[in-house]
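This report concerns only the one structure given below.
Every number in this text was worked out from the coordinates using simple rules, so none of it is lab data. The model shown is predicted, which means the values in this text are computed figures rather than measured ones. Glycine also receives a Cβ, built like all others from the backbone with ideal geometry; neighbour counts cover every protein chain displayed.
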Amino acid sequence: FDKVCVLLFFRANIDEVETDVVEIEAKLDKLVKLCSGVIEAGRAYVSANKLFVNGIRDLSHHCQKEEMVSECLEKCGESLQEIVNYHMILFDQAQRSVKQQLHNFVKDDVRKFKETKKQFDRVREDMEIAQVKNAQAPRNKPHEAEEATSALICSRKSFRHLALDYVLQINVLQAKKKFEILDSMLSFMQAQYSLFQQGFNLLDEIHPYMKKLAAELDQLVIESAMEKREMEHKHATIQQRDFAYDDSKVEFNVDAPNGVVMEGYLFKRASNAFKTWNR
């Protein structure tokens, strides 16, 4: 009875592990595909940023006569290029630590486990068939009974040896699964940390220049506002002068209607067929 309980418990544990392996294989395959999508999108992001940086540099060359603008564009372009390089390192690390590492684990270790499972199932099935034949062997025929017993003994030995190997592989797979997942995520998160740490250090170096530029821009805004008000004042003064000049040219006569003298020629229309106007 105890042997039967142990066997049933063993089979229940084996079934649980096999189900877990099938599920973890599907989860890892899905994660690898999602990581591939992140890498592809990241590389497209890097390519777009490279074009953007090239556009900044091109604009910087065009604005060389304006030293302040050219210097700003050059410094920003250099910093953004470094940030693009940091992102490239991150996506390369994602390729190695997540996509490739987990893919290799699924392809090599999980698939190898599944092949061993097929052998284990086949040997277990052979042992069960041998048990049935041994139970059904006629006891009045010693030769057949002896053959059935020998076949059962051989199948049990094969099953025990393979079961030990199978259990060992299960333990190795479970331990390696834990290591591969943790190592993969740790490597990727370290790459994330490096990206933001390097980015922070880079921007921290350029921060004094950014503060200086911000102060200069504030001053430019003040000067532009003052210049705008000055130009508006000049424009209004010129308009007033123009109106005064136009008014001085108009003659005033108290005898004329409204005091304004109207000058010009009178035209009369002819009575001929063409109806022409004559001064």
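Cα-Cα over 25 Å: which of 107/178; 33/176; 33/114; 117/157; 65/212?
On the way: 107/178 16 Å; 33/176 21 Å; 33/114 21 Å; 117/157 17 Å; 65/212 20 Å.
Pairs exceeding 25 Å: none.
Across region 2-206, Cα pairs under 8 Å and at least six residues apart give a relative contact order of 26 percent. Here is the list for region 124-171: trypsin sites (Lys or Arg not before Pro) lying in DSSP coil, each with at most 13 other C-beta atoms within 10 angstrom of its C-beta, are 139.
Here the Karplus relation 6.51 cos²θ - 1.76 cosθ + 1.60, evaluated at θ = phi - 60°, turns the backbone of region 168-183 into coupling constants of 4, 5, 4, 5, 5, 5, 5, 5, 5, 4, 4, 5, 4, 5, 5, 5 Hz, with x for every Gly and Pro. Applied to region 144-150, the Karplus parametrisation 6.51 cos²θ - 1.76 cosθ + 1.60 on θ = phi - 60° returns per-residue 3J(HN,Hα) values of 5, 5, 5, 5, 5, 5, 4 Hz, with x for Gly and Pro.
What is the ratio of the Cα radius of gyration of region 2-206 to 2.2 N^0.38 Å, where N is its residue count, to two decimals? Present the calculation step by step, with values, prior to reporting the outcome.
On the way: Rg = 30.4 Å, N = 205, 2.2 N^0.38 = 16.6 Å.
Ratio of Cα Rg to 2.2 N^0.38 Å: 1.83.
The 3J(HN,Hα) values that the Karplus relation (6.51, -1.76, 1.60; θ = phi - 60°) gives for region 119-129 are, in residue order, 5, 4, 5, 5, 5, 5, 5, 4, 5, 5, 5 Hz. Gly and Pro appear as x.
Under the combined filter of DSSP loop state and at most 12 neighbouring Cβ atoms within 10 Å, region 50-133 retains these GluC sites (Glu not before Pro): 66.
The label point for residue 12 and the one for residue 239, both projected 7 Å from the Cα toward the Cβ, are 9.5 nm apart.
Of all aspartates and glutamates in the structure, those lying under 15 Å Cα to Cα from residue 99, and not within fewer than 8 positions of it along the same chain, are 25, 29, 40, 108, 180, 183.
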